[in-house]
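A short worksheet on the structure shown next.
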Amino acid sequence: MRIIDKRPLPEHLADDVDVLAGLRAWYGVVGPACWTSAGEVLAEFPDAVITEPGRLRFEIAGRYRMTVAFDFFLAVAWIAEAEG
């Protein structure tokens, strides 16, 4: 999947080793993935939540959350919202 809009971490999380490691792991899984449905994403990330069709919310290290919009036809993952 091509990941679009890699948002900078909020300042208070920039030195959080757990969040940084979690994000690296997330990018490492999503980048090379070739998913065709939200079900395939959930198989890889069972704690993710579908917030609406084509959008999933991921929690990274319990302190950082991302809502990601997927276009499975174009193989694109767009980080639509991020908060921490």
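Computed from the coordinates by the stated procedures, all read-outs in this text should not be read as laboratory data. On a predicted model such as this, the values are computed, not experimentally measured, just so you know. Don't worry about glycine lacking a Cβ; one is built from the backbone with ideal geometry, like all the others, and counts go over all protein chains shown.
Descriptive notes on the structure:
- Segment Glu59-Glu11, length gained on full extension (0.36 nm per residue, minus Cα span): 15.5 nm
- Here, P(r) means the percent of Cα pairs in each 10 Å bin from 0 to the largest distance; for the chain it is 18, 56, 24, 2.
- In a simple Cβ point-charge model (Lys, Arg +1; Asp, Glu -1; nothing else charged), region 1-57 has a dipole of about 260 debye relative to its Cα centre.
- Axis of helix 17-30 versus longest Cα principal axis of the chain: the two differ by about 20°, to the nearest ten degrees.
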